Amino acid sequence: MSIKLMDKVWRSHISDARLKLLVLAIADAANDDGECWPKIDTLAEKIDRKTRQTQRLMRQLETNGWLSRE
């Protein structure tokens, strides 16, 4: 868990609460360098969404530049 990243998310200007919650769940799984490998199912469970909904939200985060995947 990266408290540093979670703090940045709380102070961010992500206006969509669903996206902000997903970014918080990702930050919760990340190290301080922002690296993490959570499963989509795990993230979906944390944010109380279905897997497909979580995948769509992940794509939105990528499109908006809040997330990059390798």
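Taken over the range 1-14, the criterion of being open to solvent by 100 Å² or more (accessible area, probe 1.4 Å), in contact (Cβ under 8 Å) with a residue 12 or more places away in the chain and in a loop (DSSP other than H, G, I, E, B) is satisfied by MET1 alone. Within the range 38-70, the residues that satisfy the criterion of being β-branched (Val, Ile, Thr) and either under 22 Å from SER2 (Cα atoms) or in contact with a strand residue (DSSP E or B) (Cβ under 6 Å, 6 or more places away or on another chain) (or both) are ILE40, THR42, ILE47, THR54.
Would you be able to say whether some residue in the range 38-50 is without any contact (Cβ under 8 Å) to a residue 12 or more places away in the chain and under 16 Å from SER12 (Cα atoms)? The answer is no, given that none of the residues of the range 38-50 is without any contact (Cβ under 8 Å) to a residue 12 or more places away in the chain and under 16 Å from SER12 (Cα atoms). Hey, among the residues in the range 15-70 that are outside any helix (DSSP H, G or I) and crowded, with 17+ Cβ neighbours inside 10 Å, which one's modelled with the highest pLDDT? The qualifying residue modelled with the highest pLDDT is ARG49.
The values are calculated or read from the model by the stated rules, or taken from the named source; none is laboratory data. Just so you know, these numbers come straight off a predicted model, no measurement behind them. Backbone-built Cβ (ideal geometry, glycine too); neighbour counts: all protein chains shown. Just the protein is used for accessible areas: all its heavy atoms, side chains included, with ligands, DNA and RNA removed. Shrake-Rupley method; radii C 1.70, N 1.55, O 1.52, S 1.80 Å.
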